[in-house]
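K.L.:
Provided herewith is a single structure, encoded as structure tokens, for subsequent inquiry.
The values are calculated or read from the model by the stated rules, or taken from the named source; none is laboratory data. This structure is a prediction, so every number in the text was calculated from the model and none was measured. Cβ coordinates were reconstructed from backbone atoms using ideal geometry, including for glycine residues, and neighbour counts include every protein chain displayed. Note: areas computed on protein heavy atoms with side chains; ligands, DNA, RNA excluded. Shrake-Rupley method; radii C 1.70, N 1.55, O 1.52, S 1.80 Å.
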Amino acid sequence: MQTPIPDYLAEVLDKLRDDVSGATADYIPELANANPDQFALAITTATGGTYSAGDTNAEFSIQSISKPFAYAAAIMDRGLDRVIESIGVEPSGEAFNELSLDPETNRPKNPMINAGAIAAHGLLLGDKADPEERVARVLELFSRLAGRQLRIDDKVFQSELETADHNLAMAHMLKKYGILNDDPHEVVAGYTRQCSILVTVEDLSIMAATLANGGVQPRTRERILDADTARQVMSVMAVAGMYDGAGDWLTRVGIPAKSGVAGGLVGVLPDQVGIGAFSPRLDKHGNSQRARRAFEQLSKDMGMHLFAPSNGRLDVVDVKLETLKETFSLQGNVQFTAAAELLDLMEKSTAQNAVLLDVSGVYSFTDVARRMALEGLRRLRLDKRHVLLHDPWQVLADPHLGDGLYPENV
Ligand code: GLN
């Protein structure tokens, strides 16, 4: 059998493909040339499984999605206290390119708006650090987070720098108020190169899964950020990641997120998943129209919301192989992550005759996890395996496998 998760992601894309509203960003001329029909979606679990669909090989510039990760670098380089002296953590309620300095402290309101992100870039490594080294710092960090060597799109960088008057104006303002100590032109050039790093949706999902996992990259198992930094970054994404729509987004979708003007969108659910989406046409807030809707759909279908209670018990999946029968046992409150892992293990199943799903140690299934587990059993049955279920507490409500068939209860 094959895990159904990529099929589900492909369905989400198909459902939204007709939406051709919005337009590519045109204030950066190079972005206006992007193929607007590209569309891709990827999920990486905190245990390191990556699932994707659509234009998964398409590379696009990370743009503002670089902001949370560069903020993490600034915190690690300078310490949180020093960073807070220069950049606040309050929602701005304004668009991404709003100047928005706090009237009392002159700090940018948060690191997700451009003023705060330019200030964060200027904090990297130390005062008067070499501009090249600051760019190398973020490129190296982002590459480790994604688990592959990333590169900068020089055309996008040059194109934005030529039209960067707005960001330059902000940087000069930050310099005047003592938030920026270095040459505004050099800092804006460095920040613009940071925004021009090329990524795919899978890269974004893995970078976000590292945050979800408290700073440990779930595929390489390397600790890249300390847990407090990851927590700080996720909190600020929840507060200000979606700019002037942050409150509507957090209540309705409930996935702390960050968008970029090239059409990327990244989201994170602590302990669970990192999500990356991409489609170039933007809505009036500068967020990708289709990527935004894909997140809305995922949140709705999968019950993925930061404040959906999980009762705090971890979900666990285990597998035991005897020659003819393979037993998959689940424990705890089963959510997307354990169900995804269960499907991966089922995909690798080598049992000849029978598979047993043992849910005697399960307290509850989320709706999506229940559907995923049953879909795994259904596919194994189509692969001509005898499907058995051990569910003494009847936690798996109505376990039908299609065609009116049920697993045999043991
Ligand atoms: N590089 C872009 C800028 O500074 C990033 C904006 C964005 O992605 N929202 O304007």
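K.L.:
Can you tell me the relative contact order of the chain? Whole percent, Cα pairs under 8 Å, sequence separation 6 or more.
P.N.:
Result for the chain is 19 percent.
K.L.:
Let me ask something additional. Under 4 °C and 1.567 mPa s, how fast does region 290-410 diffuse according to Stokes-Einstein, given a Kirkwood radius computed over C-alpha pairs? Answer in µm²/s, whole number.
P.N.:
Once the numbers are plugged in, D ends up at 87 µm²/s.
K.L.:
Using Cα atoms only, what is the angle between the long axis of helix 66-78 and the major principal axis of the chain, expressed in degrees (0 to 90) to the nearest 10?
P.N.:
That helix lies at roughly 70 degrees to the long axis.
K.L.:
With bins 10 Å wide starting at 0, give me the P(r) of the chain over every alpha carbon pair, in whole percents.
P.N.:
Using 10 Å bins, I get a P(r) of 5, 23, 30, 21, 12, 6, 2, 0 for the chain.
K.L.:
Counting heavy atoms of the protein chains only and a 1.4 Å probe, report the per residue accessible area for the chain as a whole number of Å².
P.N.:
It amounts to 40 Å² per residue over the chain.
K.L.:
Assuming 0.36 nm per residue, please report the length gained on full extension of the stretch S235 to S360 beyond their Cα-Cα distance.
P.N.:
41.4 nm
K.L.:
A further question on this structure: Kindly write out, for region 215-230 in residue order, the coupling ³J(HN,Hα) from the Karplus curve 6.51 cos²θ - 1.76 cosθ + 1.60 (θ = phi - 60°), rounded to whole Hz, with x marking Gly and Pro.
P.N.:
x, 9, 5, x, 9, 8, 6, 7, 7, 9, 10, 6, 4, 5, 5, 4
K.L.:
If I stretch the segment between Q2 and H285 completely, what's the gain in nm (0.36 nm per residue apart, minus their alpha carbon distance), one decimal?
P.N.:
Extending this stretch completely gives an extra 98.0 nm.
K.L.:
Quote the charge dipole size of the chain about the Cα centre in Debye, to the nearest 20; the model charges only the Cβ of Lys and Arg (+1) and of Asp and Glu (-1).
P.N.:
The calculated dipole for the chain is roughly 560 debye.
K.L.:
Most mobile of P91, P103, P131 per a Gaussian network model of the chain (Cα springs, under 10 Å)?
P.N.:
Answer for the Gaussian network model of the chain: P103.
K.L.:
Related question: State the answer as a single residue: which of A120, M170, A246 lies farthest towards the positive end of the charge dipole of the chain, with beta carbon charges of +1 for Lys and Arg and -1 for Asp and Glu, about the Cα centre.
P.N.:
Comparing the listed Cα positions along the dipole, A246 ranks first.
K.L.:
How far apart, in nanometres, would the label points at T251 and K325 be if each is projected 7 angstrom from Cα along the Cα-to-Cβ direction?
P.N.:
If labels sit at T251 and K325, their model points lie 5.2 nm apart.
K.L.:
Would you calculate the separation in nanometres between label points at S143 and E222, each defined as 7 Å from the Cα along the Cα-to-beta-carbon direction?
P.N.:
Placing both labels 7 Å beyond Cα along the Cβ direction yields 0.9 nm.
K.L.:
When we measure straight from the Cα of K109, which lysines land under 27 angstrom away, once same-chain ones fewer than 8 places off are left out?
P.N.:
Within the straight-line cut-off, K109 pairs with K67, K128, K175, K176, K258, K284.
K.L.:
Could you calculate the FRET efficiency of E11 with E162 from 1/(1 + (r/R0)^6), where r is the beta carbon distance between them and R0 is 60 Å, rounded to 0.05?
P.N.:
The pair E11/E162 has a calculated efficiency of 0.90.
K.L.:
Considering the chain as a Gaussian network with a 10 Å cut-off on Cα pairs, which listed residue, G126, G190, G254, attains the greatest mean-square fluctuation?
P.N.:
Top of the fluctuation ranking is G126.
K.L.:
Counting helices only, and only those DSSP H runs with n ≥ 4, report the 222 nm mean residue ellipticity of the chain as the sum of -39,500 (n - 2.57) divided by its residues, in deg cm²/dmol to the nearest 500.
P.N.:
-12500 deg cm²/dmol
K.L.:
Against the longest principal axis of the chain, how steep is helix 336-347, in degrees 0 to 90 to the nearest 10, with axes from Cα atoms?
P.N.:
In the chain, helix 336-347 runs at an angle near 50 degrees to the longest axis.
K.L.:
Let me ask something additional. Can you order the peptides 149-162, 374-387, 12-25 by their average number of other Cβ atoms within 10 Å per residue, highest first?
P.N.:
Most protected by this proxy first, the peptides run 374-387, 149-162, 12-25.
K.L.:
Classify region 30-108 as rounded, prolate or oblate from the Cα gyration tensor: take a ≥ b ≥ c as the square roots of its eigenvalues, call it rounded if a/c is under 1.5, otherwise prolate when a/b beats b/c and oblate if not.
P.N.:
oblate
K.L.:
Once you have all Cα-Cα distances for region 206-245, histogram them in 5 Å bins from zero and send the whole-percent values.
P.N.:
6, 27, 28, 18, 12, 6, 2, 0
K.L.:
Within the chain, what whole-number % of the accessible surface is contributed by carbon and sulfur, with the 1.4 Å probe and all protein chains included in the calculation?
P.N.:
Roughly 48 percent of what the probe reaches on the chain is carbon or sulfur.
K.L.:
Given the options Q335, A373, T350, identify the residue whose Cα lies farthest towards the positive end of the charge dipole of region 325-391 (+1 on Cβ of Lys, Arg; -1 on Cβ of Asp, Glu).
P.N.:
It is T350.
K.L.:
So, R0 is 22 Å and r is the distance between the beta-carbons of N35 and K155; what FRET efficiency does that work out to, to 0.05?
P.N.:
0.90
K.L.:
Note down the net charge around I255, summing +1 for each Lys or Arg and -1 for each Asp or Glu among other residues with Cβ under 12 Å from its Cβ.
P.N.:
+3
K.L.:
At a Förster distance of 45 Å, what's the computed FRET efficiency of N181 paired with V316, Cβ-Cβ distance as r, to 0.05?
P.N.:
Once the sixth-power term is evaluated, E becomes 0.35.
K.L.:
Scan around V319 for amide H atoms under 5 Å from its own, H built in the peptide plane at 1.01 Å from N, and keep only partners 5 or more places away or cross-chain.
P.N.:
Residues meeting the amide H criterion: S329.
K.L.:
Something else about it: Taking only C-alpha pairs under 8 Å that are 6+ residues apart, what is the relative contact order of region 280-410 in percent?
P.N.:
20
K.L.:
Please give the contour-minus-distance gain from K300 to N57: 0.36 nm per residue of separation, less the Cα-Cα distance, rounded to one decimal in nm.
P.N.:
Going from the current span to full extension adds 84.8 nm.
K.L.:
Just to check I understand the Karplus step: with θ = phi - 60° and J = 6.51 cos²θ - 1.76 cosθ + 1.60, what whole-Hz values come out for region 382-397, glycine and proline as x?
P.N.:
Result, rounded to whole Hz: 4, 7, 6, 9, 7, 10, 10, 9, 10, 9, x, 9, 6, 7, 9, 4.
K.L.:
Through the Karplus equation 6.51 cos²θ - 1.76 cosθ + 1.60, θ set to phi - 60°, convert the phi angles of region 141-157 into ³J(HN,Hα) values in whole Hz; use x for Gly and Pro.
P.N.:
Residue by residue, region 141-157 yields 5, 4, 5, 5, 5, 7, x, 7, 6, 8, 9, 9, 8, 5, 5, 5, 4 Hz.
K.L.:
Additional query: How big is the antiparallel share of DSSP beta bridges in the chain, given as a percent to the nearest 5?
P.N.:
65
K.L.:
I want to check the label-to-label distance for L80 and H172. Put each point 7 Å from Cα in the C-beta direction and report it in nm to one decimal.
P.N.:
Simple spin-label model gives 3.6 nm for this pair.
K.L.:
Using the Cα gyration tensor of region 131-183, with a ≥ b ≥ c the square roots of its eigenvalues, what is the shape: rounded (a/c below 1.5), prolate (a/b larger than b/c) or oblate (neither)?
P.N.:
Oblate is the answer for region 131-183, as a/c is 1.5 or above yet b/c matches or exceeds a/b.
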